[in-house]
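Since the structure comes first, as structure tokens, the remarks are kept for the end.
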Amino acid sequence: MAVSSDIIATYKGPARVMRKLMSAGQREDRALAVLMGACVLVFVAQWPRLAREAHLNTEAEFAQLMAGALMGWIFIMPLVLYGLAALTHLIAGLFGGRGTWYRARLALFWSLLASTPLLFLHGLVAGFIGPGTQLSVVGALWLLAFGIFWISGLRVAELEAPVKAD
């Protein structure tokens with residue numbers, strides 16, 4: 001199934017899609033591709049907001065804002081997300097989780113990728129409407145969707161995982 005079909009399916013049943021992704025076996029290249037795809041899409045989703053900021057603030061140049069967002073989302077956030085996935089795996093292990101590092105990473109990375117359509121909407125609202133109730137509502141919807149996807153994925157990754165061999 002195509003990635004876009006899996007993203008749509010995640011909105012209908014996040015645990016089912018996560019089971020499908022994890023049943024493909026441990027493929028670190030796939031997890032990295034999901035992460036980098038998500039980070040690139042989040043970076044692109046920021047463009048309308050950055051254009052608005054550059055237009056309204058004469059001191060900020062669009063190129064500088066883009067360079068900062070590029071640095072943050074393409075180079076720094078992947079490292080932060082790897083660390084966050086490791087932390088959640090350790091915490092899940094304290095509560096009886098029996099997943100692997102890979103499964104915890106895939107749950108987080110896929111949750112971010114699957115929630116990017118809402119981030120695109122958030123970027124458009126930030127760019128065309130600006131700060132306000134609409135932006136807050138779309139941001140809350142993204143946070144809710146991301147949280148549901150991540151928790152569902154982490155449950156599959158840690159609780160439905162085969163018992164690790166010592």
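The values are calculated or read from the model by the stated rules, or taken from the named source; none is laboratory data. These figures come from a predicted structure and were not determined experimentally. Note that each Cβ is placed from the backbone with ideal geometry, even for glycine, and that neighbours are counted across all protein chains shown. Please note that ligands, DNA and RNA were not included when accessible areas were found on the heavy atoms of the full protein model with its side chains. Shrake-Rupley method; radii C 1.70, N 1.55, O 1.52, S 1.80 Å.
Quick look at the values:
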read-out	value
Rel. contact order, % - alpha carbon contacts under 8 angstrom, at least six apart, the chain	34 percent
DSSP H segments from the chain that extend 15 Å or more along their own axis, Cα-based, with Kyte-Doolittle mean of 1.6 or above	28-45, 77-94
By average C-beta atoms within 10 angstrom, highest first, the peptides 135-141, 48-54	48-54, 135-141
Rounded accessible area of residue 146 (nearest 10 Å², 1.4 Å probe)	30 Å²
Of 47, 150, 110, the one that fluctuates the most in a GNM where the chain has Cα springs shorter than 10 Å	47
Ranking by accessible area, most exposed first, for 59, 158 with a 1.4 Å probe	59, 158
Histogram of C-alpha separations across the chain, 5 Å bin width, %	1, 9, 16, 19, 18, 14, 10, 6, 4, 2, 1, 0
MRE, 222 nm, helices only [DSSP H, n ≥ 4, -39500 (n - 2.57), over the chain, to nearest 500]	-25000 deg cm²/dmol
FRET efficiency, residue 58 to residue 128 (Cβ-Cβ, R0 22 Å, nearest 0.05)	0.65
Orientation-averaged projected area, Cα convex hull of segment 95-166 (nm²)	5.4 nm²
Residue order for 6, 29 - accessible surface, 1.4 angstrom probe, largest first	29, 6
Alpha-carbon Rg with Dmax, taken over segment 1-58, Å	16.1, 51
